[in-house]
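Below you'll find the structure, written out as structure tokens, and then a few comments.
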Amino acid sequence: MTNHKIAEKLDREGQKIEHFFTNLSESQLEICVYFDEQEWQIRDVLAHFISAEKSFLKLFENIRNGGSGAPDDFSINEFNDSQVLKMKDIDSRKLLILFSETRSLTLEWLKGLSEGEMTKTGRHPAMGEATLGEMIKMIYLHNQIHLRDLKIALESHLSDGRNLETNEIG
């Protein structure tokens, strides 16, 4: 897949994510989705999208410049929890703005990436060794996995009769 096609897909997916989160009530944003070391609400997943994508941009640029990517001892769960915790007090409207700004930075960065650079390899914190092209596609897949979990959490808590199909992602 070319940079242009990936950028188009990320742009469309980003718009759908914004639409999805915009249509949630404050009480829906507080529904708990994950119960691991740290409890994540739906709004925390949006914060995670932002922090992960910002971090991916740094990682991708490292690999683009010949770096090896994420260190072998990198703890993805500790990192994600710490980043989400840092964003706990940001209100949902601001999170949506930050998501949009972050996605714009990703799209701009991708425009400057040559097709040859897409084949550079490095270590992704979850995927292990992969090409930049594979890692960039993973942004989309990563968000889709979490969105599926959000829909499951919402469906189990819906009491207002809303139809989630109107917020279909992907």
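Each reported figure results from applying straightforward, stated rules to the coordinates on display, with no laboratory input. Model, not experiment: these values are computed from the prediction. Neighbour counts run over all protein chains shown; Cβ positions are idealised from the backbone, glycine included.
Name the aspartates and glutamates eligible as straight-distance cross-link partners of Lys16: C-alpha to C-alpha under 17 Å, and not fewer than 8 places from it in the same chain.
Within the straight-line cut-off, Lys16 pairs with Glu8, Glu53, Glu101, Asp149, Glu165, Glu168.
Just the Kirkwood number for the stretch 3-167, please: inverse of mean 1/r across all distinct Cα pairs, in Å, one decimal.
One decimal place: 16.6 Å for the Kirkwood radius.
Using Cα positions and a limit of under 20 Å, work out the lysines in reach of Lys120, with same-chain residues fewer than 8 apart set aside.
Lys120 reaches Lys5, Lys54, Lys58, Lys111, Lys137.
What GluC sites (Glu not before Pro) in the stretch 66-168 are in a loop by DSSP, with at most 12 other Cβ atoms within 10 Å of the Cβ?
Glu115, Glu168
Dipole of the stretch 3-167 (Lys/Arg Cβ +1, Asp/Glu Cβ -1, origin at the Cα centre): which of Gly133, Leu113, Ser75 lies farthest to the positive side?
The residue sitting most towards the positive pole is Leu113.
Based only on other Cβ atoms within 10 Å, what is the fewest-to-most ordering of Ser100, Ser25, Ser51?
Least crowded to most crowded, the residues run Ser25, Ser100, Ser51.
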